[in-house]
Ligand SMILES: Cc1ncc(C[n+]2csc(CCOP(=O)(O)OP(=O)(O)O)c2C)c(N)n1
Ligand SMILES: [Mg+2]
């Protein structure tokens, strides 16, 4: 990868060779390294070995976090990982059409999810099962969209969690508009009574190459929208590595739009919690937007239709296993005698119970009535849509078992 100095004073014919189309072994290794190290700007409060690293700027954002809170964050991560593994298995058993694994991104999502207030709005892409959990959405409610029976089984207004968006980057525009609305409605600025609001928009490293994301950055920036852009850089956009998305670290892109960007260790739940609390606080006080790049890793396939062994080295996955987000909290809790065996056994039992209930639910999941897909398209009744709905319901009723 060329350095900025080389861009400013290019010497014709003496630049780096054009290797992008046919990477050499050295370049592959350099790419491997780039994905495993976050660089010196990475905010980390808990090392992969579970040691707490003091941080002058961010420690105060988790000063009130008790041992019990850390056990809670650990429990959250164990449960969302278990729900994720169980849903993945349900897809393999033919119960779901597709599943999008969360594995490896638990700390990034629980960290920001637990930093949000109920009144903060979330705009997810399709992998945000951990954030959904923090918003009170059950693993059961997530299944419908992956089984193909509904478009999202939760009430977005009540939970303040927008439906999953499969079109890459599209939710960034929705989030920018929503956050601009929060500003226009005076929900930003004075937070003395704890009622100021912010929005968090989730997208991946690959999404940063989409036009929608660029446009969302521009609108949010020039309207000072209370929007935290939360980019989970999981190093891959299906089979495309991050080095095919950007020649500089993603968080540095924010500068070009005129707002701060920061890179946090997305496998460190404490760092993600602290940095997200800071960013949300800034946004609620009118100092948004802010870009957070959560540096993490997609430990499983892109989706259950993908085979990552076709395009990435197993060495890379092994390197990241050493940075497992759950393991470092477990080691931290044990080393500092913040949790005993009984605690870990109880979390395990809870996760077994939850998994059994999730399986049961999925095997017996009722199809929603056909007419339900016409609900919530517009905020108010719409005569043309109602006519279409009635026609479709009649049509389906003409088939055996089609009465709905
Ligand atoms: C507009 C659009 N183009 C292409 C796709 C196909 N697609 C689905 S996921 C994906 C990669 C996204 O990668 P990233 O943004 O890094 O998110 P991740 O899946 O890694 O969480 C692509 C290209 C799509 N869904 N929408
Ligand atoms: Mg990605």
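The values are calculated or read from the model by the stated rules, or taken from the named source; none is laboratory data. Since we're looking at a predicted model, the values are computed, not measured. Note that each Cβ is placed from the backbone with ideal geometry, even for glycine, and that neighbours are counted across all protein chains shown.
Could you pull out every one of the strands (runs of 3 or more DSSP E) wholly within the stretch 190-309 that has 2 or more residues that are closer than 30 Å to residue 95 by Cα and in the same structural domain as residue 131 (by TED's automatic domain parsing)?
The strands (runs of 3 or more DSSP E) meeting that bar are 199-204, 227-233.
So that you can scan it fast, the table gives a plain yes or no per residue for (1) under 14 Å from residue 295 (Cα atoms); (2) away from ligand 1 (no atom under 16 Å from the Cβ); (3) modelled with pLDDT of 95 or more:
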| site | (1), (2), (3) |
| --- | --- |
| 201 | no, no, yes |
| 210 | no, no, yes |
| 251 | yes, no, yes |
| 256 | no, yes, yes |
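Taking residue 318 as meeting all but one of (1) without any contact (Cβ under 8 Å) to a residue 12 or more places away in the chain; (2) touching a strand residue (DSSP E or B) at 6+ places or on another chain (Cβ under 9 Å), write down the number of the exception.
Against the list (1) without any contact (Cβ under 8 Å) to a residue 12 or more places away in the chain; (2) touching a strand residue (DSSP E or B) at 6+ places or on another chain (Cβ under 9 Å), residue 318 comes up short only on (2).
Restricting to the stretch 218-237, what's the tally of residues that are buried (at least 24 other Cβ atoms within 10 Å of the Cβ) and more than 11 Å from ligand 2 (Cβ to nearest atom)?
Count: 7.
Considering (1) surrounded by 16 or more Cβ atoms within 10 Å (Cβ to Cβ); (2) touching a strand residue (DSSP E or B) at 6+ places or on another chain (Cβ under 9 Å), say which one residue 136 fails and leave the rest.
Result: residue 136 passes all but (1).
Scan the stretch 90-125 residue by residue and report those that are surrounded by 17 or more Cβ atoms within 10 Å (Cβ to Cβ) and part of a helix (DSSP H, G or I).
90, 91, 106, 107, 108, 109, 110, 111, 112, 113, 114, 115
(1) within 16 Å of ligand 2 (Cβ to nearest atom); (2) in contact with a strand residue (DSSP E or B) (Cβ under 9 Å, 6 or more places away or on another chain): which one isn't true of residue 290, the others all being true?
Among (1) within 16 Å of ligand 2 (Cβ to nearest atom); (2) in contact with a strand residue (DSSP E or B) (Cβ under 9 Å, 6 or more places away or on another chain), the lone unmet condition for residue 290 is (1).
Going through 165, 159 one at a time, which residue ends up being within 16 Å of ligand 2 (Cβ to nearest atom) and within 30 Å of residue 101 (Cβ to Cβ)?
Step by step, each of 165, 159 is checked, and only 165 is within 16 Å of ligand 2 (Cβ to nearest atom) and within 30 Å of residue 101 (Cβ to Cβ).
For the stretch 147-157, does any single residue satisfy the condition of being touching a helix residue (DSSP H, G or I) at 6+ places or on another chain (Cβ under 7 Å) and crowded, with 22+ Cβ neighbours inside 10 Å?
The answer is no; no qualifying residue exists.
Residues to consider are 240, 215, 185; find the one that is more than 14 Å from ligand 1 (Cβ to nearest atom) and surrounded by fewer than 18 Cβ atoms within 10 Å (Cβ to Cβ).
Testing whether each residue is more than 14 Å from ligand 1 (Cβ to nearest atom) and surrounded by fewer than 18 Cβ atoms within 10 Å (Cβ to Cβ) leaves just 185.
Mind checking whether some residue in the stretch 184-197 is in contact with a helix residue (DSSP H, G or I) (Cβ under 6 Å, 6 or more places away or on another chain) and within 16 Å of ligand 2 (Cβ to nearest atom)?
no
Scan the stretch 221-258 for residues that are touching a helix residue (DSSP H, G or I) at 6+ places or on another chain (Cβ under 7 Å) and either without any contact (Cβ under 8 Å) to a residue 12 or more places away in the chain or at positive phi (or both) and jot them down.
224, 235, 258
Within the bounds of the stretch 168-180, is there any residue that is within 16 Å of ligand 1 (Cβ to nearest atom), touching a residue at least 60 places away in the same chain (Cβ under 8 Å) and not in a loop (DSSP other than H, G, I, E, B)?
No, there is no match, as no residue in the stretch 168-180 is within 16 Å of ligand 1 (Cβ to nearest atom), touching a residue at least 60 places away in the same chain (Cβ under 8 Å) and not in a loop (DSSP other than H, G, I, E, B).
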